[in-house]
Amino acid sequence: MDIAAIIVAAGRGTRAGGQRPKQWQTVAGASVAAHSVAAFRDHPRVTRCVLVIHPEDHGDAQQIDGIQTVIGGATRDASVRAGLEALQANPPDLVLIHDVARPLVSAKVIDAVIDALSSAQGAAPAIPVTDALWRGDEGVVTGTQSRDGLYRAQTPQGFHYAPILAAHRAHNGGAADDVEVARKAGLDVAITMGDEANIKITTPDDFARADRLIRDRAKEQAMDIRVGNGFDVHAFEDGDHVILCGVRIPHGRKLKGHSDADVGMHALTDAIYGALAEGDIGQHFPPSDPQWKGAESDIFLRHAVDLAKSRGYRLSNVDVTLICEQPKIGPHAVAMREALAGIMGMDVDRVSVKATTSERLGFTGRSEGIASLASATLIKD
């Protein structure tokens, strides 16, 4: 899926004050534009970025890596169209249109818009209005307004590329945002959840607020450590070997399961999914699906690791405990650690595999099967 982001930065932003346009003023050590571009340039699902600028801003724009620059127009909708037209030679599947003055847009907000476009013509984030609303005249309340069905619009506003380009080409000028342009063209736009932190810098006071929020977010991300736990059980059935943590071990019975029944790898996979709050193996690889019959469990583990990487996490360490009377795990523990490390792209000294018995208690004590516990630690890069 080719997803392009257009960041609109051609305005002058005079209400924000200062000697320079607001997008080139510094917040938390970088320009507002640099923060906004980074949110999309560094997003794993966004493939390219277009920054629409004022003709006088080439020098500032050159300080930002990884973007294509386009000269905008006199109005916002004219600038957006310039960005859309610049993509025409190599059209993307989807396009996200974002106001440069929102430097705090999160990956979660971006993901929600992209996900909604799988079933909608357009999608945009918004916050439901919760405050009471008044109408007024010359500083005096003259009436009230129902807040039912009212939202505070945000960006990015996402669309399938061809329809929104056609909508802008047909537009006769003047629009608050791209949702307005899209709706005039007959496109439906889904509402996704916005974020109170996704503020738009408009006045001088907004710079201090944005600076504080960006610095606070950086501190949180620097400390973003997640821990997940997994547990799995498989019973024995007739066979001549078991597969544990990717290693084939001769044994008088094998483990029963829809896949290869690698109980250790299953527990570890679930630990990674758990750290990501992404459910378990059964949700990603349903046992009712015949394509996973007899599948090797490294397929599941690789998927969990890749999912973590796509969210910006790396595995710090993992720990697997196998609970059984037989077979003996000790002679194979090093091979298991090496197998898991190879699958996950980790150093062996960050992978632990160990075993214990249940003192002949319960189903494992009666040698009816094997259980496994696993923990995984993820760190945000």
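The values are calculated or read from the model by the stated rules, or taken from the named source; none is laboratory data. Please read all numbers here as calculations on a predicted model, not as lab measurements. Virtual Cβ from ideal backbone geometry, glycine too; neighbours counted across all protein chains shown.
Can you find, within the range 318-336, the residue that is nearest to the chain's Cα centre (by Cα) among those that are free of Cβ contacts under 8 Å to residues at least 60 places away in the same chain and closer than 23 Å to THR377 by Cβ?
For the range 318-336, the residue satisfying everything is VAL318.
Of the conditions (1) under 22 Å from ASP77 (Cβ atoms); (2) assigned to a loop (DSSP other than H, G, I, E, B), VAL113 fails just one. Which one is it?
(2)
Which one of ASP298, ASP306, ASP347 is in contact with a helix residue (DSSP H, G or I) (Cβ under 7 Å, 6 or more places away or on another chain), without any contact (Cβ under 8 Å) to a residue 12 or more places away in the chain and in the same structural domain as ASP262 (by TED's automatic domain parsing)?
Of the residues listed, the single one that is in contact with a helix residue (DSSP H, G or I) (Cβ under 7 Å, 6 or more places away or on another chain), without any contact (Cβ under 8 Å) to a residue 12 or more places away in the chain and in the same structural domain as ASP262 (by TED's automatic domain parsing) is ASP347.
Please determine, by comparing only the residues of the range 191-205 that are modelled with pLDDT of 95 or more and either within 19 Å of the chain's Cα centre (by Cα) or farther than 26 Å from GLY312 by Cβ (or both), which one is surrounded by the fewest Cβ atoms within 10 Å (Cβ to Cβ).
Filtering the range 191-205 for residues that are modelled with pLDDT of 95 or more and either within 19 Å of the chain's Cα centre (by Cα) or farther than 26 Å from GLY312 by Cβ (or both), the one surrounded by the fewest Cβ atoms within 10 Å (Cβ to Cβ) comes out as GLU196.
Among the listed residues ALA275, ALA271, ALA267, identify the single one that is under 15 Å from the mean Cα position of the chain (by Cα), assigned by TED's automatic domain parsing to the domain that holds ARG360 and either modelled with pLDDT of 95 or more or closer than 16 Å to GLY342 by Cβ (or both).
ALA275
Is it true that ALA89 is in contact with a Phe, Trp or Tyr (Cβ under 6 Å, 6 or more places away or on another chain), at negative phi and of a type in the set (A, V, I, L, M, F, W, C)? I'd like the intermediate steps shown before the answer.
Values: in contact with a Phe, Trp or Tyr (Cβ under 6 Å, 6 or more places away or on another chain): no; at negative phi: yes; of a type in the set (A, V, I, L, M, F, W, C): yes.
In short, no.
Could you check THR144 against (1) in contact (Cβ under 8 Å) with a residue 12 or more places away in the chain; (2) within 25 Å of the chain's Cα centre (by Cα) and say which number it fails?
Only one criterion is unmet by THR144, namely (2).
Answer yes or no: is there a residue in the range 108-115 that is out of contact with any helix residue (DSSP H, G or I) (no Cβ under 9 Å at 6 or more places or on another chain) and over 30 Å from GLN25 (Cβ atoms).
Yes: the range 108-115 contains one or more residues that are out of contact with any helix residue (DSSP H, G or I) (no Cβ under 9 Å at 6 or more places or on another chain) and over 30 Å from GLN25 (Cβ atoms).
With ALA101, ALA123 as the choices, which residue is in contact with a helix residue (DSSP H, G or I) (Cβ under 9 Å, 6 or more places away or on another chain), assigned to a loop (DSSP other than H, G, I, E, B) and crowded, with 20+ Cβ neighbours inside 10 Å?
Step by step, each of ALA101, ALA123 is checked, and only ALA101 is in contact with a helix residue (DSSP H, G or I) (Cβ under 9 Å, 6 or more places away or on another chain), assigned to a loop (DSSP other than H, G, I, E, B) and crowded, with 20+ Cβ neighbours inside 10 Å.
With the requirement that a residue be closer than 14 Å to VAL100 by Cα, of a type in the set (Gly, Ala, Ser) and not in a helix (DSSP H, G or I), what does the range 27-70 give you?
Listed by number, the residues that qualify are ALA30, SER31.
Output the number of the condition that GLY186 fails; it satisfies all remaining conditions of (1) of a type in the set (Gly, Ala, Ser); (2) loosely packed, with under 15 Cβ neighbours inside 10 Å; (3) on the phi < 0 side of the Ramachandran plot.
For GLY186, the failing item is (3).
Name the single residue that is farthest from HIS43 (Cα to Cα) among those in the range 3-18 being modelled with pLDDT of 85 or more and outside any loop (DSSP other than H, G, I, E, B). Break it down into steps so the answer makes sense when it comes.
Keep residues of the range 3-18 that are modelled with pLDDT of 85 or more, which gives 3-12.
Then drop every residue that is not outside any loop (DSSP other than H, G, I, E, B), which leaves 3-9.
Details: ILE3: 10, ALA4: 11, ALA5: 10, ILE6: 14, ILE7: 14, VAL8: 18, ALA9: 19 Å.
If we take residues in the range 3-18 being modelled with pLDDT of 85 or more and outside any loop (DSSP other than H, G, I, E, B), then ALA9 is farthest from HIS43 (Cα to Cα).
In the list GLY83, GLY73, which residue meets the criterion of being assigned to a helix (DSSP H, G or I) and of a type outside the set (Asp, Glu)?
GLY83
Starting from residues that are aromatic (Phe, Trp, Tyr) and assigned to a helix (DSSP H, G or I), keep the ones in the range 286-328 and report whichever is surrounded by the most Cβ atoms within 10 Å (Cβ to Cβ).
Restricting to residues being aromatic (Phe, Trp, Tyr) and assigned to a helix (DSSP H, G or I), the top hit is PHE300.
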